[in-house]
Amino acid sequence: SNLYFGIKHRSSRSLSGGLMWFDYNKLQQSNDRFLRHWCDQNDRLKYGWTHHDGETFGIEQIYDDHLHLNIQWLKQISGEHGGDWTTRINVTPQVCHKKIKYKSNN
């Protein structure tokens, strides 16, 4: 689907869903790609599925600048329409620490 995260049933007339996010501080920077949705190597993110079976569950990790996204997806097979989907998305801000060296003659 070329998305960082997207779900869709395997029929031609399916409802689909996905995930978009952005850094509010980058909205005013016209030369920066701030909206994350379409998977693009130029975004320089680290991402990938750490566990999955291709059909009923998956765990994906995305590292984007100062965010860590943990996405868990589960399909419970039941009923006449193929089952129910559940998605849990946890977003954890990554704190950046910078060292500042200085000298003083006091």
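The values are calculated or read from the model by the stated rules, or taken from the named source; none is laboratory data. Every value quoted in this text rests on a predicted model; they were computed, and no experiment measured them. Methodologically, a virtual Cβ is constructed for each residue, glycine included, from the backbone with ideal geometry; neighbour enumeration extends over all protein chains shown.
With the condition kept exactly as written, say whether any residue in region 95-106 is modelled with pLDDT under 85, part of a loop (DSSP other than H, G, I, E, B) and surrounded by 10 or more Cβ atoms within 10 Å (Cβ to Cβ).
Checking region 95-106: not a single residue is modelled with pLDDT under 85, part of a loop (DSSP other than H, G, I, E, B) and surrounded by 10 or more Cβ atoms within 10 Å (Cβ to Cβ).
Looking at (1) under 20 Å from N2 (Cβ atoms); (2) exposed (fewer than 14 other Cβ atoms within 10 Å of the Cβ); (3) at pLDDT below 85; (4) not polar (S, T, N, Q), can you tell me which one F34 breaks?
Condition (2) is where F34 drops out.
Provide a single number: the residues in region 53-63 that are in contact (Cβ under 8 Å) with a residue 12 or more places away in the chain and loosely packed, with under 13 Cβ neighbours inside 10 Å.
Pass one, region 53-63, residues in contact (Cβ under 8 Å) with a residue 12 or more places away in the chain: 55-63.
Those left that are additionally loosely packed, with under 13 Cβ neighbours inside 10 Å: 55.
Matching residues across region 53-63 total 1.
Given the options G82, G17, G48, G58, name the one that is in a loop (DSSP other than H, G, I, E, B) and of a type outside the set (D, E).
None of the other options fit; the residue is G82.
Please go through region 1-14 and pick out each residue that is assigned to a loop (DSSP other than H, G, I, E, B), touching a Leu at 6+ places or on another chain (Cβ under 8 Å) and either modelled with pLDDT of 80 or more or farther than 22 Å from D84 by Cα (or both).
Y4, F5
Is there any pair with a first residue in region 77-99 that is among the basic types (K, R) and a second that is modelled with pLDDT of 70 or more whose Cβ atoms are under 7 Å apart and which are 6 or more apart or on different chains, and what are they?
R88/Q72
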